[in-house]
Amino acid sequence: MSGLLRDSLLIVDDNEAALRVTSLLFREEGYNVVSCEDPQVAINNICTEEFDAVLSDIKMPDITGIQLLNKIHDIDPDMPVILMTGYAELDMAIAAVKKNAFDFVTKPYHPEELMSSVKRAIDFRKARQADKTHKAILESNVKVKTRQLNDAFITMQHMGTELFQRLIVVSEFRDNDTGSHIRRIGMYSSKLAEAMNKPQNFINNLSFASTMHDIGKIAIPDNILLKPGSLTRDEFDIMTKHTVQGARMLADSCYPAVQMAASIALNHHERWDGTGYPNGLKGNAIPLEGRIVMLADVYDALRSQRPYKPSIDHATACNIIIDGDGRTSPSHFDPDVLRTFTDVAHLFEEISYEVVEKTSMRFTMQQAFLAN
């Protein structure tokens, strides 16, 4: 940053080592950082000093991060507060959002992602302050106010989309090591739709909606969702309910993208030959978006390592999808979607590398950074 005025950030963490590393990260980027291990000291600082944003750990003795959030908003309702935790639990994320946390970040964090979150928080703070100023001079500056309100509306739309996606990522942490699975499904699905020459609006909605295909797994008990071995018949029957639960969670939206997401959540395990679930739909009775995501999901499942199976390479995964292996059959897939997959399979391999390998590299670098 340059200039006399620097963005001011209050960082709160009872872990001295983590506090030191995070504070150093932002100081090196030019932020004016005030750090403290004691949440009560942080409250005193809020009362006596000006800050643009607060970054706080959730798991702290005496005063938790969410309790600190409440106290800060009692003092300054507009202060953006970002909460961090090493425990990727959905109920914590929901509690934080309900308490008007600006963002929710899991540890170990990627420095660039944490930086981006703080920058958005500070930008949001400044936008809110600017909005108040413009409202005060409404009669003399109507054009400026209108433009600012339009900008703020767009910002809020983007923020809402991002927050929705972050909650999806949090849900994925229950049965995936990272949130990269949902990014891959979105990219695989959109590539298939593009190659099938579908309308751009369909492609855009599919790219977003497909990331919510497994949102219903939030409702599946951990002893089934996280079971390392094969499921019993009864356990599998419960697992299949994630399709219906996901559709219910997303039902009755007025937004086309969310309507498509509900359709995908319900139908992404249906098979072209009628052997899928939950409704045993066959052929064109399965919505196209469900047929596309179904193939993308099968490919990703084959490529991914799970407690009960190793990952397999791209060529082997393609052979299984195209030729079958006894468990997976070409008859499961829409023939048009399958033909398209054979044409763009090389793009799937590129996406897998971009998302999986580079995410793994960033995670390894982050671990090394924190170790030092």
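Starting from residues that are modelled with pLDDT of 90 or more and hydroxyl-bearing (Ser, Thr, Tyr), keep the ones in segment 201-233 and report whichever is nearest to residue 268 (Cα to Cα).
Per the criteria, the residue is 210.
Under 8 Å by Cβ, and 6 or more places apart or on different chains, what pairs join a residue from segment 245-257 that is on the phi > 0 side of the Ramachandran plot with one that is aliphatic (A, V, I, L, M)?
Close Cβ pairs (under 8 Å, with a partner that is aliphatic (A, V, I, L, M)) do not exist here.
Test residue 80 against the stated conditions and say whether it is touching a residue at least 24 places away in the same chain (Cβ under 8 Å), buried (at least 18 other Cβ atoms within 10 Å of the Cβ) and either aliphatic (A, V, I, L, M) or over 19 Å from residue 129 (Cβ atoms) (or both).
Values: touching a residue at least 24 places away in the same chain (Cβ under 8 Å): yes; buried (at least 18 other Cβ atoms within 10 Å of the Cβ): yes; either aliphatic (A, V, I, L, M) or over 19 Å from residue 129 (Cβ atoms) (or both): no.
For residue 80, the condition - touching a residue at least 24 places away in the same chain (Cβ under 8 Å), buried (at least 18 other Cβ atoms within 10 Å of the Cβ) and either aliphatic (A, V, I, L, M) or over 19 Å from residue 129 (Cβ atoms) (or both) - is not met.
Quick one: which of 266, 295, 281 is crowded, with 18+ Cβ neighbours inside 10 Å, out of contact with any Asp or Glu (no Cβ under 6 Å at 6 or more places or on another chain) and over 17 Å from residue 217 (Cβ atoms)? Write out each step before concluding.
Working: 266 fails: over 17 Å from residue 217 (Cβ atoms); 281 fails: out of contact with any Asp or Glu (no Cβ under 6 Å at 6 or more places or on another chain).
The unique qualifying residue is 295.
Among the residues of segment 262-311, count how many are modelled with pLDDT under 95 and not in a helix (DSSP H, G or I).
Residues meeting the conditions: 8.
Just for segment 199-219: of the residues that are touching a residue at least 24 places away in the same chain (Cβ under 8 Å) and in a loop (DSSP other than H, G, I, E, B), which one is surrounded by the most Cβ atoms within 10 Å (Cβ to Cβ)?
213
I need the full set of residues from segment 276-291 which are within 16 Å of residue 321 (Cα to Cα) and not small (Gly, Ala, Ser), in order please. Steps first, answer last, please.
We begin by selecting, within segment 276-291, every residue within 16 Å of residue 321 (Cα to Cα); these are 276, 291.
Within segment 276-291, 291 is the sole residue that qualifies.
Against the condition modelled with pLDDT of 95 or more, assigned by TED's automatic domain parsing to the domain that holds residue 253 and either of a type in the set (Lys, Arg) or over 19 Å from residue 337 (Cα atoms) (or both), how does residue 198 come out, does it pass? Quick ask: steps written out before the conclusion?
Working: modelled with pLDDT of 95 or more: yes; assigned by TED's automatic domain parsing to the domain that holds residue 253: yes; either of a type in the set (Lys, Arg) or over 19 Å from residue 337 (Cα atoms) (or both): yes.
Yes: the conditions hold for residue 198.
Pull out all pairs, ordered by first then second residue, where Cβ-Cβ is under 8 Å, the residues are six or more apart or on different chains, the first lies in segment 24-36 and is at negative phi and of a type in the set (Ser, Thr, Tyr), and the second is surrounded by 19 or more Cβ atoms within 10 Å (Cβ to Cβ) and in a loop (DSSP other than H, G, I, E, B).
31/7; 35/13
The values are calculated or read from the model by the stated rules, or taken from the named source; none is laboratory data. Computed from a prediction, not measured in an experiment: that's the story for all the values here. Cβ coordinates were reconstructed from backbone atoms using ideal geometry, including for glycine residues, and neighbour counts include every protein chain displayed.
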